[in-house]
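The values are calculated or read from the model by the stated rules, or taken from the named source; none is laboratory data. Please read these numbers as outputs of a predicted model, since none were measured by experiment. Cβ atoms come from the backbone with ideal geometry, glycine included; neighbour counts cover every protein chain shown. Side chains are part of the model used for accessible areas, which takes the heavy atoms of the whole protein and leaves out ligands, DNA and RNA. Shrake-Rupley method; radii C 1.70, N 1.55, O 1.52, S 1.80 Å.
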Amino acid sequence: MKEKNLKALDLPELEARVSSWGEPAYRAQQIFRWIWKRGETDISRFTDLPRHFRERLIQEGYHVSSLALIEALHSRDGTVKFLFRTASGHEVETVWIPDGHRRTVCVSSQVGCALKCRFCATGLLGFRANLPAHEIVDQVLQASLYMKERATNVVLMGMGEPLLNWEAVRTAMIMMNRDLGLALGARRITLSTVGIPDRVRAFASLNKQFRLAWSLHAAIQEKREKLIPLARTYPLPELLEAFWTYYKAHRRWVTLEYLHLPGFNDRREDVEALRRLVRKLPSKVNVIPFNPSPGLPFRAPEASETLAFVERLRKVLPHPVTYRVPRGRDVFGACGQLALQRPGGSDAH
Ligand code: SAH
């Protein structure tokens, strides 16, 4: 059946559709602009399209979908966590993170997650569904419309493993990047992954300067396997090679995300393994203190512990080491906390 939701069509598909009707191709650009630049969902208000054309669209059952906002939770620190309902009836979370001049949107690529990383609350939900490309992009649009501000950056760091929903994620990144729509620069869109070699190479071969972050968390293979079950399938040397293709293609550093689990991955041998790995891959390290969630078997470090760990890394690593200040913990909006939980402990289901 033909897709009748105009939001689900990226520009080339809209163009093909429009020209099959004998309309000029720029009509597709007008439609795309109304949907993604202006956030309009009512086709009758696409006022630069001829009336007969709008009427025809509506008569033929065309429409523009929108994620339904269920709830927006405002953190004390300005972070806002959104809960949306998708067209297929699932719930998905998105986080708006203001920081100086930046307004970053952290989007989900899947509902739940299949990977079951030991430290991540989303893993406890299990995998529920893949999101279609337009519902990944729509998270950015709906969050911006609600905040009445444009997003400046997007990170694919919400629920799910983006490379396990690669086709949709790739289309979503390309859609977000289009000038006629959200116009987010490729360098302001970051994909974060535990690493799936083929897909990392596919990401590297895109002809765009999208950024790449690798959830490393341990540079010692056995420890990494304890944290991330998928690490057993793809050992570190194979992953390093895949991430290297990204560096080679774009001359851009990979960000290594390193969760701080005090007493587990901050020992002398961990620092030494990380030092050796960083020598092989031009990368900066971003240390993330573990954010606790009900049901996760680790202890959250004190800020002073994590800062001390960062200082130790800075002494031995040749490249920059940054520290990610947890944001939105009070609304369960911080990294690894997206599991459809509400403050106070009640669950959505
Ligand atoms: N699946 C992708 C993207 C989602 S997770 C990935 O793994 O990269 C986004 C980031 O949050 C990852 O670096 C992830 O490891 C981190 N994270 C997960 N659980 C966390 C927790 N409890 N505390 C802090 N960061 C966490």
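A few points about this structure:
- Relative to the longest principal axis of the Cα atoms of the chain, the long axis of helix 268-280 makes an angle of roughly 50 degrees.
- When a 1.4 Å probe is rolled over the protein heavy atoms, the share of accessible surface on the chain that falls to carbon and sulfur comes to 50 percent.
- Counting only protein heavy atoms and a 1.4 Å probe, the chain has 44 square angstrom of accessible area per residue.
- Given charges at beta-carbon only (K, R positive; D, E negative), |dipole| of the stretch 68-345 in Debye: 740
- For peptides 135-144, 260-269, 214-223, 73-82, sequence by mean Cβ density within 10 Å, most packed first: 135-144, 214-223, 73-82, 260-269
- C-alpha long axis of helix 133-147 to longest principal axis of the chain, angle in °: 90
- Residue-level accessible surface for ARG54, protein heavy atoms, 1.4 Å, Å²: 30
- The chain: angle of helix 166-177 to the longest principal axis, Cα-based, in degrees nearest 10: 70
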